[in-house]
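Data first, discussion second: the structure below is written as structure tokens.
The values are calculated or read from the model by the stated rules, or taken from the named source; none is laboratory data. As the structure is a prediction and not an experimental result, all values here were calculated from the model. No Cβ is skipped: glycine too gets one built from the backbone with ideal geometry, and neighbour counts run over all protein chains shown.
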Amino acid sequence: MATAVQEKLPPALDSTADQPPLFDGTTRLYISDICPFAQRVWITRNYKGLQDKIKLVPLNLRDRPTWYKEKVYPQNKVPSLEHNGKVIGESLELIKYVDCNFEGPSLLPDDPAKKDFAEEMVKYTDTFIMFIFTSFKGDTIKEAGPAFDHLENSLHKFDDGPFFLGGFSLEMNKMDAYKQTKYDPDELLEYYRRRFLFLLS
């Protein structure tokens, strides 16, 4: 894993923020510190030691700058990556893109069977999340149970240790690549409580 780099997250840009000098050769990762999809790309950046190569641009999702949708990413979501004169989005695609196009330790195992399995499980994450979110509107245990069963059974395919494919040697909370992306748990809980109450109303 790359050497830890301590950095201070810049303030989130809102509708009053000036537009940065777009497409000037700077690689920018647009994120929100509360978005788990942005977080996984942010962790990838940190894990590969790319803090000096990929600039973080946090956005206020409740009050986004209009220039972001108009000039950067028409889908108006995070994460997105401005690189080499283009912008790409979707967190799983971005993780693969950053892993393949930038230096640093690879996120995938060398073993071809494990690599295929890892990619299969990464693709499953969106299905898993969909099952979990939709289960909140019905019988959560009955509807989410099969998704957790599938995940649990899949994690037994390779017996390499306590983590997925044996890749991490420490708990996530001890990894610098993750710690810098971690949101205050109480604030995160309150955010999702309000969000789910809105979805259920």
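What strands (runs of 3 or more DSSP E) lie completely within segment 55-161 and have 1 or more residues being among the β-branched types (V, I, T)? Please lay out each step first, then the result.
Values: elements: 55-58, 80-83, 86-89.
Ranges flagged: 55-58, 86-89.
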Sole miss for Q19 among (1) of a type outside the set (D, E, K, R); (2) out of contact with any helix residue (DSSP H, G or I) (no Cβ under 6 Å at 6 or more places or on another chain); (3) more than 22 Å from I95 (Cα to Cα) is condition (2)
Members of segment 176-197 found to be at pLDDT 75 or above and not in a helix (DSSP H, G or I), listed by number: Q180, T181, K182
With touching a Cys at 6+ places or on another chain (Cβ under 9 Å), more than 22 Å from K123 (Cβ to Cβ) and in contact (Cβ under 8 Å) with a residue 12 or more places away in the chain as the only criterion, which of L50, L61, L56 stands out? L61
Is it the case that segment 16-31 has a residue that's at pLDDT 90 or above, of a type in the set (D, E, K, R), touching a Phe, Trp or Tyr at 6+ places or on another chain (Cβ under 8 Å) and outside the structural domain of V122 (by TED's automatic domain parsing)? no
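Rundown of residues vs (1) among the aliphatic types (A, V, I, L, M); (2) modelled with pLDDT of 95 or more; (3) in contact with a Lys or Arg (Cβ under 7 Å, 6 or more places away or on another chain), yes/no style:
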| site | (1), (2), (3) |
| --- | --- |
| Q6 | no, no, no |
| A12 | yes, yes, no |
| R40 | no, no, no |
| R45 | no, yes, no |
| K55 | no, yes, yes |
| R62 | no, no, no |
| Y68 | no, yes, no |
| P79 | no, yes, no |
| N84 | no, yes, no |
How many residues, within segment 4-40, are surrounded by 13 or more Cβ atoms within 10 Å (Cβ to Cβ) and in a loop (DSSP other than H, G, I, E, B)? 15
Would you be able to say whether some residue in segment 88-98 is farther than 21 Å from K123 by Cβ and either among the aliphatic types (A, V, I, L, M) or assigned by TED's automatic domain parsing to the domain that holds M175 (or both)? no
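In segment 51-105, what count of residues is obtained for those that are among the hydrophobic types (A, V, I, L, M, F, W, C) and either farther than 14 Å from R28 by Cβ or loosely packed, with under 13 Cβ neighbours inside 10 Å (or both)?
Count: 4.
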